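Below is one structure, written out as structure tokens, with a few remarks after it.
Nothing in this text is a laboratory measurement; each read-out follows from the coordinates by a stated rule. Everything numeric here is computed off the predicted structure, so don't read it as measured data. Here the Cβ positions follow ideal geometry from the backbone for every residue, glycine too, while neighbour counts run over all protein chains shown.
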Ligand code: PEP
Ligand code: MG
């Protein structure tokens, strides 16, 4: 096969004509293979499409036996065609029949054909089928031939996916059909039930502008768009005035490097040269990158691919002149592959009901923001972005992880009912908002809330929380496109103090690293990021970062008590060094005669198990300690919380966790230390019941959980739970959940 005179562009034009014809789907398919075969000087051209159960069926062929059409079927991974589909990569062989993957199908009559080139028909990271050309002579197809066939496959994919070419009903392919109800099971990352309609975040570029009329012009458009994209990213750099001994600047420049990546630009230019429009070329390169990264399954590369996704979207906006801002209809539920936190904030809370995403982790920034906004979010929904159409009915249950696309009326009714019950429960919680959190036997518990964005502040009053037990300052850094300047930080902290009024706020200093990465930062790849350069370790190595933050906090806290919490402290010396940096800033403020806080209290997060054995010493220099049970238990069990394979392998309610927390509580009490807990456990009624039994008296949680936790507390007898939990520590169960639930049920302790 060689590419015929006129090259792929001529072929693409012919394809466009065929697509526009008013004939049956099958006839158009038959014509397509003939045209592709003759234009590419191939003796065979075949199209295989995926049917239910990942079976690939021969849908059309030129050169093979026509009787095999709709008869020859291959499973994914079976034969060379199955291999192309499974790996989503081109297979190029000079002697196909001798390849171990070759699966001989006598009905096709393909034995005389030696050379084989198969490319996946891919769209949006999903393989829809395989396009194959074959020749009798033994030869390896040249790179430009592979490229040309991939371009044709991309056009085909777009048409198959949109159902505009094939009659989707004819295909009888549930996975490809977009009109049937579908249920997805994912991970609930933010609680709540939403019943509404699909709004596709970042709708894809339409197919009508895929084939270029004038390639020279397209190349020019691409170059202009890249230039203006770069300019806008440069602008970000110029607008950042924070000079962190060169470090801050370096961090921002890293993001810019992506925009200047020459490989990326070259791949898009090459795609334009095959006859695609600039928009289609951006998409094609993005699809390829995404597929490559998906197969590698490396979480760091995934984050990087997300950056390229983001840049590709920006580039498309530069090309189309679309600002990217969508007017949301009421009752909108966003469906997307992934989304940045700032993008979610842009949509606002007013009309949005929930989110269904393919690829966000529970600690991802978008999940954190969704929880702050009180929006139900389900993730790990493979294929939903390609399956959903704008306006489809959709139900999202953030509690169970269920998502129903185009659900039958009964399902909608059932979820409406569930949502109604939740609203009633919320009304119950609102009614007890001003009642104290006191157990039946008279023990008062302090209930604080976790926060990190301005969005969270109204919840302080609404929830009746006693204050903010954990303010995650890194969120302000994570959701922006550039590093916040000193003045921005100061203004932000001041607004938090003002919104909190008389209630205390515990500001945790930057907890970056691990899974918390800055969009504009260049992060060195680490084998084990959770055990790597993060939180206070970064602060001590880059003291300017911490000192600027403390400076902003001191200036914002004028005349009030400032509480600072240092994250991921591993030993007492580390804490003391952190505290010394804070003291230097205090001294600076004194020398400058600035109004200072009335009091500065400095605490340590207890997230590293080693620190649990150092409490007597720690309590001599720390004013308070807060247990970060998320990290503490993940480190104690040696489990990566962000890895779905192992994340659910251990239960927080294991005898070891309870024994560890008991040790911490006892050690803090012996040293008259101020101890609290601010991990996710604090907000789960059953877990919190056990924590109270272990002796904790201050818990900090998501504001939405204050009501359920207070209800539990008001129906609980501390003396009973204390002796029960003490006994549980001696058991061998993998999880003590069932025993604790039975205990609660017998005594009428309310856990909902
Ligand atoms: C924790 O580790 O429990 C904690 C509260 O910190 P984060 O969830 O922000 O890591
Ligand atoms: Mg933590």
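Before moving on, here are some points about what is shown:
- FRET efficiency, 1/(1 + (r/R0)^6) with R0 35 Å, evaluated for residue 648 and residue 76 via beta carbons: 0.80
- Relative contact order %, the chain, counting alpha carbon pairs below 8 Å whose residues are six or more apart: 10 percent
- Take each peptide in 67-75, 368-376, 192-200, count the other Cβ atoms within 10 Å of every residue, and average; sorted highest first, the result is 368-376, 192-200, 67-75.
- Paramagnetic reach from residue 111 in the range 129-156 [backbone N under 16 Å; point 7 Å along Cα→Cβ]: 136
- With the simple model of a label 7 Å out from the Cα in the direction of the Cβ, residue 26 to residue 433 spans 6.5 nm.
- As a calculated quantity, the FRET efficiency between residue 138 and residue 66 at R0 = 25 Å, using C-beta atoms, amounts to about 0.50.
- Antiparallel %, DSSP beta bridges [both residues in the range 393-512], to 5: 45 percent
- Kirkwood Rh in Å, taken over all unlike Cα pairs in the chain: 28.8 Å
- Fully extended contour minus Cα-Cα distance, from residue 613 to residue 502, at 0.36 nm per residue: 36.5 nm
- CD proxy at 222 nm, helix term only [per DSSP H run n ≥ 4: -39500 (n - 2.57); per residue of the chain; nearest 500]: -14000 deg cm²/dmol
- For the range 442-746, a Kirkwood radius taken over Cα pairs fed into Stokes-Einstein (20 °C, viscosity 1.002 mPa s) yields D = 107 µm²/s.
- Potential lengthening between residue 235 and residue 735 on full extension [0.36 nm per residue; Cα-Cα distance subtracted]: 174.7 nm
- Rounded to 10°, Cα long-axis angle of helix 262-273 versus longest principal axis of the chain: 30 degrees
- Ordered by the count of other Cβ atoms within 10 Å of each Cβ, fewest first, 613, 743, 492 give 613, 492, 743.
- Förster-model FRET efficiency, 35 Å R0, residue 99 and residue 34, C-beta, rounded to 0.05: 0.85
- Separation of the residue 717 and residue 228 label points, Cα + 7 Å toward Cβ, nm: 7.2 nm
- Descending by average beta-carbon neighbour count within 10 Å, the peptides 430-442, 134-146 line up as 134-146, 430-442, the highest first.
- Looking at the range 442-746, the DSSP beta bridges with both ends there are about 5 percent antiparallel.
- Max-minus-min Cα coordinates of the range 7-161 on each principal axis give 40, 34, 31 Å, with the largest extent listed first.
- Burial ranking of peptide ranges 675-681, 617-623 (average Cβ count within 10 Å, highest at the top): 675-681, 617-623
- Extending 7 Å from Cα along the Cβ direction at residue 620 and again at residue 594 yields two label points whose distance is 3.1 nm.
- Of all DSSP beta bridges in the chain, antiparallel share, percent nearest 5: 55 percent
- Stretchable slack from residue 346 to residue 399, in nm (0.36 nm times residue separation minus alpha-carbon distance): 16.6 nm
- Spatial separation of Cα centroids for the range 557-581 and the range 618-666, in angstrom: 21 Å
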